[in-house]
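For reference, the structure is listed below as structure tokens.
The values are calculated or read from the model by the stated rules, or taken from the named source; none is laboratory data. Since this is a predicted model, take the numbers as computed values, not measurements. Here the Cβ positions follow ideal geometry from the backbone for every residue, glycine too, while neighbour counts run over all protein chains shown.
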Amino acid sequence: MTPPSERPLTAMIDPAAGPPDCAAYGRAGGWQAARRALGGLAPADIIDMVTRSKLRGRGGAGFSTGQKWSFVPEDPASARRKYLIANADEMEPGTFKDRLLLEGNPLQLVEGMILAAYGVQAGHGIVFLRGEYHLACTRLHHAIGEARQQGWLGENILGSGFSFDIHVHSSAGRYICGEETALLTALEGRRATPRSKPPFPQTGGLWGAPSVVNNVETLCNLPHIIANGPEWFAGLGLGEDGGTKIYGASGRVAKPGAWELPIGTPLRQIIEEHAGGMLPGYRLRALLPGGASTAFLDATSLDVAMDYGSVEKAGSRLGTGMAIILDDRTCPIGMIRNLEHFFAQESCGWCTPCRDGLPWVERLLSAIEDGMGQADDMDQLARHARMLGAPGRTFCAHAPGAMAPLASGLKLFAADFTDHIRHGRCPLRMAA
């Protein structure tokens, strides 16, 4: 067995060389976990190992992966009616970690899906892929085809009696498909609207069958957990959470990109060391720590550990772990308006508060940014942030996520809102 890598997800990714084939993947340590699992571990052993590894979902919600799997009925006779879905519909603004994994080493996802499917005894795998990810789609199809030829997918894998195959579904492209029940509805060929829960997908998902939906990054961790052990993986984290995390930064930093680091790495280290700090002439003012649907943190929060609990205590969410940087020469009102435009157009339209409330928020922000703001606009925006941001007042979490940057921005940038309304135009435009 090859020595455990400190960066298990990205150790076999070489953008210049392209993704490894099955042989190269095996030489680098791939397929060891699948051999171990199918060669003697019980499905319950897989779930137990993943639970003890402290792996939490990397798609944003952060739910315990092993616990999520434990809700799937154990009846082995129903394997042909169980589904494992990899959520690769990466449409969160500012987030590109799954694209890195899909383009750099799709076989890692394939092996991760084999392990997850064996754990929950699912006979069918589906990758729900963002439609715009053309290169990822090409490389994923090639990887799946090669894995099938080499006997890693199909009937009776490695003579274990376990059968599993993977199909790639290119999404028609709606952000709401990132919500797992909307994803399932879209897979069934219907309009992508979220479902009421219960039943939860683990008991009544795709076409009413038990289904597990996991993020690409979550699944890519599995080969390393099974090959090297749950204690090893848990020990990679710097706090209560286990493993590594792909963090990223976009905006006016010197080296925007993504880096695999121990989960719990301080935000300051990510921005100043790995992203190279701010570009000359720019100062960090605030940031969204985990993609567009998280609340702003200001520059005084850079010492927060980037794990689920610590970021929540700081007033935001870890989300996807991909930070969007706001500098001192970018208008925060314009940035928030741009985000709310995205969320408004991506609403599925199922419930009235989201369908009508988000466009109204966008219109108010556009009026303020264009110099036509009124004295009571901030109160109106705050009221929408309260009404749409409270869990349970909309059908799913789309509107609450959209309100996170607005609600935090109203507090953090109150003076900017006031100046926009008082001067009748953006102060940054006046200064220019």
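Listed here are the residues, each with its yes/no results for (1) free of Cβ contacts under 8 Å to residues at least 24 places away in the same chain; (2) in the same structural domain as TRP31 (by TED's automatic domain parsing); (3) over 16 Å from VAL213 (Cβ atoms).
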| site | (1), (2), (3) |
| --- | --- |
| GLY119 | no, yes, no |
| GLY125 | no, yes, no |
| GLY131 | no, yes, yes |
| GLU155 | yes, yes, yes |
| PHE162 | no, yes, yes |
| SER170 | no, yes, yes |
*From the list ALA390, ALA385, pick out the single residue that is within 17 Å of ALA292 (Cβ to Cβ), in contact with a helix residue (DSSP H, G or I) (Cβ under 9 Å, 6 or more places away or on another chain) and of a type in the set (A, V, I, L, M).*
ALA385
*Does THR185 satisfy the condition of being in contact with a Lys or Arg (Cβ under 9 Å, 6 or more places away or on another chain), outside the structural domain of GLY291 (by TED's automatic domain parsing), surrounded by fewer than 22 Cβ atoms within 10 Å (Cβ to Cβ) and under 22 Å from ARG81 (Cα atoms)?*
yes
*Would you check if TRP350 is in contact with a Ser or Thr (Cβ under 6 Å, 6 or more places away or on another chain) and more than 20 Å from ARG422 (Cβ to Cβ)?*
yes
*Residue among ALA367, ALA375, ALA385 that is within 26 Å of the chain's Cα centre (by Cα) and at negative phi*: ALA385
*Kindly state which helices (runs of 4 or more DSSP H) lie completely within the stretch 18-104 and contain at least 3 residues that are crowded, with 19+ Cβ neighbours inside 10 Å.*
32-38, 43-52, 65-70, 97-104
*Among the numbered conditions (1) in a helix (DSSP H, G or I); (2) surrounded by fewer than 24 Cβ atoms within 10 Å (Cβ to Cβ), tell me where PHE128 comes up short.*
(1)
*Any residue at all in the stretch 196-208 that is among the aromatic types (Phe, Trp, Tyr), in contact (Cβ under 8 Å) with a residue 40 or more places away in the chain, surrounded by 14 or more Cβ atoms within 10 Å (Cβ to Cβ) and not in a loop (DSSP other than H, G, I, E, B)?*
no
*Condition met for LEU107 (in a helix (DSSP H, G or I) and over 23 Å from PHE162 (Cβ atoms))*: no
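Can you confirm whether ALA192 is part of a helix (DSSP H, G or I), among the small types (Gly, Ala, Ser), out of contact with any strand residue (DSSP E or B) (no Cβ under 6 Å at 6 or more places or on another chain) and modelled with pLDDT of 90 or more?
No; evaluated as a whole, the condition is false for this residue.
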